[in-house]
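A short write-up of the structure that comes next.
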Amino acid sequence: MSRTVQLSRSSDQILASDGTAVLAFVRGADSPEIVTSPAFNTQDPGSLPLAALGMSGAADQLVRTTLPGSPGVVLCLIGLGPRDDADSYRAAAGSAIRQLSGIAELAVAAPGDDAEPGVVAAITEGLLLGGYRYDASRNLSAPESETVAVVLHSPADDEVDRRSAIVATAVARTKDLVNMPANEIYPESFVARV
C-alpha cells in the first residue's frame, strides 16, 4: 500500500474532538515524560499514567490511548529514546507515521521554544520521510493508497517546509532506485531515469 503524507502547519491550539488523533512526544531516560507543547495541553500531564500504559519513552515505542476526559480523542505517544535532540525527533516522527496506519488525520504537537534549534525542521522531515514505501515491483492488481493529512502545530516556516519537501522527494527517489530489481535498473535505465 502506498502512503501519501499531506503536511500543513497551524499555529493554533490543537482542538481535540471526536475522531482526532494527536501525536505527542515522550522523553525516555530515567522516567518518561510528555514533551510540553504550546499547541496542546493534555490537561494534567500527570493524569496520564505512562508507566501503567507501558510507555517507557524508548525510541520507536508507540502507545495509543484515549485522552483523559475526551474518550473520542486518540492520543498517540511516540518515544524519543534517551536523547532529546533533532535526530531523535526526526526518527520518532518518521516511526510514528509508519506505525499509524489507518489514521487519516493527525495533529502533531510540536515542542515549545525550549526545544533545541532545528527540532521542528527535523519533525517536518521525519513526517515526510516516514511516509515512504516502495511498492513498484509488487504484483498488486490495484494498489491501495492511503493519504494521511498531518497538521504540524508550530508557527509556519515556508523555507523549512520547502527544504523538507525537497529532501523527502530526493530521498524517496534514491530509495526507489536502490530498491528496484536488477532487471529494471541497469546502467542504461539508470541514466534514463536520472
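Every number in this text was worked out from the coordinates using simple rules, so none of it is lab data. As the structure is a computational prediction, the values presented were derived from the model and not from experiment. With ideal geometry, Cβ positions are generated from the backbone for all residues, glycine too; neighbour counts draw on all protein chains shown.
Once backbone amide H atoms are built at 1.01 Å from N, Phe40 has Ile14 as its partners under 5 Å, excluding neighbours fewer than 5 places away on the same chain.
Across q = 0.08 Å⁻¹, the chain modelled as identical point scatterers on its alpha-carbon atoms has Debye log10 I(q)/I(0) values of -0.29, in the order of the q list.
Averaged over residues, the count of other Cβ atoms within 10 Å places the peptides 78-87, 111-120 in the sequence 78-87, 111-120, highest first.
Add +1 for every Lys or Arg and -1 for every Asp or Glu among the other residues with Cβ under 15 Å from the Cβ of Leu100, and state the total.
Neighbour charge sum, excluding Leu100 itself: +1.
Each other residue within a Cβ distance under 13 Å of Asp84 adds +1 if Lys or Arg and -1 if Asp or Glu, for a net charge of -3.
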